[in-house]
1. Among (1) within 19 Å of the chain's Cα centre (by Cα); (2) under 20 Å from Val112 (Cα atoms); (3) not in a loop (DSSP other than H, G, I, E, B), where does Arg201 come up short?
2. Could you check segment 92-110 and list, in sequence order, the residues that are crowded, with 24+ Cβ neighbours inside 10 Å and either among the basic types (Lys, Arg) or part of a strand (DSSP E or B) (or both)?
3. Of the conditions (1) at negative phi; (2) part of a loop (DSSP other than H, G, I, E, B); (3) in contact (Cβ under 8 Å) with a residue 24 or more places away in the chain; (4) not charged (D, E, K, R), Ala241 clears all except one; give me its number.
4. For a quick check of your reading of the model, give me the residue pairs whose first member lies in segment 52-64 and is over 24 Å from Arg98 (Cα atoms) and at pLDDT 85 or above, whose second is aromatic (Phe, Trp, Tyr) and surrounded by 14 or more Cβ atoms within 10 Å (Cβ to Cβ), with beta-carbon atoms closer than 6 Å and at least 6 apart or on different chains.
5. Restricting attention to segment 258-273, which residues are in contact with a strand residue (DSSP E or B) (Cβ under 9 Å, 6 or more places away or on another chain), surrounded by fewer than 23 Cβ atoms within 10 Å (Cβ to Cβ) and touching a residue at least 60 places away in the same chain (Cβ under 8 Å)?
6. Among all residue pairs at least 6 apart or on different chains, which show Cβ distances below 7 Å where the first residue, located in segment 175-195, is of a type in the set (Lys, Arg) and the second is at pLDDT 95 or above?
7. Only one of these is touching a strand residue (DSSP E or B) at 6+ places or on another chain (Cβ under 8 Å), closer than 15 Å to Trp68 by Cα, at pLDDT 95 or above and outside any loop (DSSP other than H, G, I, E, B): Gly164, Gly148. Name it.
Amino acid sequence: MSWTVAAVTVTVMGASSSDPEEVLTRAASLPDFTLAYGSLPDQVADVRLPLQWDRSLPLVIAIHGGFWKSAYDRVHLRPAADALASAGYPVASLEYRRVGAGGGWPATFDDVAAGVAAVPALVDAALVDRGLAAIGDRGVVLIGHSAGGQLVLWAGRGVAGVRGIVALAPVADMARGFELALGGGAVGRVLGGAPGEVPERYAELDPAVNLPLGKPTIVIHGRLDQAVPWEIGRDWVAASAAAGDEATLIDLADIEHFGLIDPLSSAWPLILRGLASVCDAGEDSGRATSK
């Protein structure tokens, strides 16, 4: 499969609830098990296994958003993680230290990098302990929402075993996020200052300047997003493609920020389609590299 940059605009009906944020507290099943990738309470990942398991599929590591703030944790991603497992994917929902709970620079980013590196082997070991086959060389796809979108675009760059990335309404330009005061100034808090004050941190962690990414990537963004303007996703895809990446934008005309993590939203089938496309593209890329 050969990818080029694409921008696909789709009109969908929006979320199913009159309160888009209802998904953050919606009841969902508990994980099958929780793994620790470090010694601290937030250095864990909740793992969900599919009942109907397509053994060709990779592990999905899901990283939640919330503008890196302690008020938001992996629990609000449970409905989406459940839905991904129902679609046949083994899912690990990664937790990490957040601002207000020991996070910020560098702890938040150290945790995410450590989790992405360690969780696949930990999941495989847990599966074998349960008498199940390991995921092994089927690899990993990263999916992240909002601040989690920034984290997957940053953490997946050049990492062996990561087949591809799906970024949902990502904060894909940290300097621009600072200028726009996204999340009430969340970028400045997580990085500890403005771009002019801590330029080395922005240079290291901003997806907009760390290109090419080197992984098949889909960005999905809604034009009604009031938390992270959709132009940030659009512009990142254009810059990524210009740098030589395989990048696609799915531009949703009638979806806001939280509809992208709501399995009851009419956008959800497009999330699954994007994830499947990244899995396929990453598999083809791996075959080409191995030849």
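The values are calculated or read from the model by the stated rules, or taken from the named source; none is laboratory data. Since the structure is predicted, the reported quantities are computational estimates derived from the model, not experimental observations. Virtual Cβ from ideal backbone geometry, glycine too; neighbours counted across all protein chains shown.
1. Checking Arg201 against (1) within 19 Å of the chain's Cα centre (by Cα); (2) under 20 Å from Val112 (Cα atoms); (3) not in a loop (DSSP other than H, G, I, E, B), the one that fails is (1).
2. The answer is Ala92, Ser93, Leu94, Arg98.
3. All conditions are met except number (2).
4. Listed pairs, sorted by first residue: Leu57/Tyr89.
5. Leu270
6. Filtered contacts from segment 175-195: Arg176/Ile232; Arg189/Val99; Arg189/Gly104.
7. On inspection, the qualifying residue turns out to be Gly148.
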